[in-house]
1. Check Ile98 against each of (1) part of a helix (DSSP H, G or I); (2) closer than 30 Å to Leu5 by Cβ and name the one condition it does not meet.
2. Within region 203-234, take every residue that is free of Cβ contacts under 8 Å to residues at least 40 places away in the same chain and either of a type in the set (Lys, Arg) or surrounded by 16 or more Cβ atoms within 10 Å (Cβ to Cβ) (or both) and give me the one that is farthest from Arg16 (Cα to Cα).
3. Filtering region 93-116 down to residues that are free of Cβ contacts under 8 Å to residues at least 24 places away in the same chain and exposed (fewer than 14 other Cβ atoms within 10 Å of the Cβ), which residue is nearest to Ala19 (Cα to Cα)?
4. Looking only at region 165-182, filter to residues that are closer than 24 Å to Thr6 by Cα and modelled with pLDDT of 95 or more; which one of those is surrounded by the fewest Cβ atoms within 10 Å (Cβ to Cβ)?
5. Looking only at region 197-217, decide whether some residue is modelled with pLDDT of 95 or more, farther than 29 Å from Tyr145 by Cβ and within 19 Å of the chain's Cα centre (by Cα).
6. Checking Tyr89 against (1) over 27 Å from Glu40 (Cα atoms); (2) of a type outside the set (S, T, N, Q); (3) at pLDDT below 90, which single condition isn't satisfied?
7. Step by step: first the residues of region 77-92, then only those that are basic (Lys, Arg), in contact (Cβ under 8 Å) with a residue 12 or more places away in the chain and surrounded by fewer than 17 Cβ atoms within 10 Å (Cβ to Cβ), then the one that is farthest from Ser103 (Cα to Cα). Which residue is that?
8. Name the residue that is surrounded by the fewest Cβ atoms within 10 Å (Cβ to Cβ), counting only residues in region 1-38 that are of a type outside the set (A, V, I, L, M, F, W, C) and not in a loop (DSSP other than H, G, I, E, B).
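The values are calculated or read from the model by the stated rules, or taken from the named source; none is laboratory data. Predicted model, so just to flag it, every value in this text is computed and none were measured. Note: ideal-geometry Cβ built from the backbone for every residue, glycine included; neighbour counts use all protein chains shown.
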Amino acid sequence: MITNLTENGWEVIYHRAHALLAAQLAGQWHTQDRPERLIETVAAISHHDDLEREWEGNHLTPAGAPLDFTLDTKVDLKRLRKLTKDAQYRGRWVAMLISMHTSFLLEGKRGESADLDSFLDEQVEHQEKWRKELKISKKEAEKAYAFFQWCDRLSLILCKHELPAGQRALEISAGPDGKRYDVMETSDGNVTVKPWPFAEKQFTVNVEACYLDQMKFGDNAELTEALQTAPIKLLEWSFVKE
């Protein structure tokens, strides 16, 4: 889950909701430099966090606060293998991009354990196999994943309220065209991206967030009940070309 501290407790955005926001952003991209298989790429973006189930398992810090995903350092290889395997139900293109995303997140941990290294090697083999079957080059796959990662990163910036104050720019990442893109909040509270990569000159995206009115919880059952009964608010961002 994504957690943001509030005056009375926590704002919580589920990871699947964040993924849906990323897919909304993907759907706004201009026709140039889109992945060849846009719909399948958007499907991969919207489903890449399907493992996350905030109402199940442990989602508390040792102090009893809701556990933000950035603090969750555990790597569950069994669940990650299931994610990649299940992605194949939507097709090899989707599975390939989700596998590439898993590699991106975990390659920095290579060498920490033999099991992890084996898992990472498996992903490389899967990706090579799928590229061959799909008859695409590694460069084409990397372009599609750059688009995936760009949308995911911008969604996280919004969900974590990381837009800098004072109309300062924040780098998102390189897009599928290899260009650097920056996001900033305008003086009137809108959001803009430079260079502008979207088809429309203005559009709105949103995500649902729930609000907890306490700082810590005795156990996961208490957290789950609070999440399921918490008030929900729709967060919106209006993007405008400057």
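1. Unmet for Ile98, out of (1) part of a helix (DSSP H, G or I); (2) closer than 30 Å to Leu5 by Cβ: (2).
2. The qualifying residue farthest from Arg16 (Cα to Cα) is Ala226.
3. Within region 93-116, the match that is nearest to Ala19 (Cα to Cα) is Leu105.
4. The extreme case among them is Arg168.
5. yes
6. Going through (1) over 27 Å from Glu40 (Cα atoms); (2) of a type outside the set (S, T, N, Q); (3) at pLDDT below 90 one by one, Tyr89 breaks only (1).
7. If we take residues in region 77-92 being basic (Lys, Arg), in contact (Cβ under 8 Å) with a residue 12 or more places away in the chain and surrounded by fewer than 17 Cβ atoms within 10 Å (Cβ to Cβ), then Arg90 is farthest from Ser103 (Cα to Cα).
8. Per the stated criteria, the residue is Asn4.
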